[in-house]
Amino acid sequence: MISKTFRIARMILLASFALSSAAWATCSNASLSGTYGFLHDGTDSNGTPATAAVSQITFDSTTGTFTVETTASHDGVIATGSLTGIYTVASNCIGTGTPSGGSPFSIVVTPTGFLAVHPFSEGFAVKQGSPTCTNAEVKGTFGFETTGVFLAGAPATGWVAFIGELKLSVNASGGGVIRGHIAGAEDNATFAEEPVTGWYTVGPHCRGTATIKPQGLSEMHFHFVVVDGGKELLAVETDADTIVSGTLQQ
């Protein structure tokens, strides 16, 4: 569980980035332009994980507007959606984004993307880095980590975490193939390293899906956004009754 104290500590850390940002850059709306992957999560008022989400957000600095495509787990219910909004970035690299019909969130621009915080939620974003993507452009060996909770109805119940190494490759027909191994914990139980197999698909918009099947365990399904020119994937699990997100990094 994520405690209130930990959530507040992350907000304090975000504020510290804001205070130091002016030391390395002078910003404007143009500093936050183009397409980014955005991994974010949220808690309820008790600090219990309630939402895990990955978004692809595109900023247009000439109009001060943004568009978002999101896949999220809200209390274990998977949903997709889109929205638009407006944003501003001040010279000290601190900004505000306001979704249409929603409440504002705070932004700190970083050299690789941005950090964002909203009441009971926070996250980080990395620039996409490539205008389009294919399976072949997203391959290699990636470190894998996810954390979150499984709710009643999932294969286990309680806090979960998985780490491992996954190799993404492309077969003769162009399909994405996953091989590797993971280890992890599910509530009070831990499991040693297990081999995994699976597959993935990347769309030209740099959003994709992946299925990972650990030996002896249930399949895990993910939606991801490709960032950093294919060197990193930001992912959310899309199985019902899960609130889990994480990254794959080369």
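Computed from the coordinates by the stated procedures, all read-outs in this text should not be read as laboratory data. If you're wondering where the values come from, they're calculated on a predicted model, not measured in any experiment. Because the Cβ atoms are built from the backbone with ideal geometry, glycine has one as well, and the counts that use them run over all protein chains shown.
Dimensions of the stretch 178-250 along the principal axes, based on C-alpha atoms and rounded to the nearest Å, stand at 38, 25, 17, largest first. Summing Lys and Arg as +1 and Asp and Glu as -1 over all other residues whose Cβ lies under 12 Å from the Cβ of G76 gives a net charge of -4.
The angle between the Cα long axis of helix 4-21 and the main principal axis of the chain comes to about 50°, on a 0 to 90 degree scale. Other residues whose C-beta falls under 14 angstrom from the C-beta of F142 contribute a net charge of -1, scoring Lys and Arg +1 and Asp and Glu -1.
Figure legend: label point modelled 7 angstrom from the Cα of T63 along Cα→Cβ; residues of the stretch 31-57 with amide N under 16 Å from it are 33-35, 57. How many percent of Cα pairs in the stretch 41-142 exceed 23 Å? Within the stretch 41-142, distances greater than 23 Å cover 33 percent of Cα pairs. Cα centroid distance between the stretch 97-176 and the stretch 221-250, in Å? When both Cα centres are located, 4 Å separates them.
Summarising the label geometry, the points placed 7 Å from Cα in the beta-carbon direction at T157 and D187 lie 0.6 nm from one another.
At each listed q (0.07, 0.09, 0.14 Å⁻¹), what is the log10 of I(q)/I(0) that the Debye formula gives for the chain modelled as equal alpha-carbon point scatterers? Log10 I(q)/I(0), no solvent term: -0.24, -0.39, -0.95. Once you sort the root eigenvalues of the Cα gyration tensor of the stretch 99-155 as a ≥ b ≥ c, which label holds: rounded (a/c under 1.5), prolate (a/b larger than b/c) or oblate (the other case)? Cα axes put the stretch 99-155 in the oblate bin. For the chain, adding -39500 (n - 2.57) for each run of n ≥ 4 DSSP H residues and dividing by the number of residues yields -2500 deg cm²/dmol at 222 nm. In this structure, H205 and T48 have a Cβ-Cβ separation that, at R0 = 41 Å, corresponds to a calculated FRET efficiency of about 0.80.
Anisotropy class assigned to the stretch 92-212 is oblate, per the alpha carbon gyration tensor with a/c at or over the 1.5 cut-off and a/b no larger than b/c.
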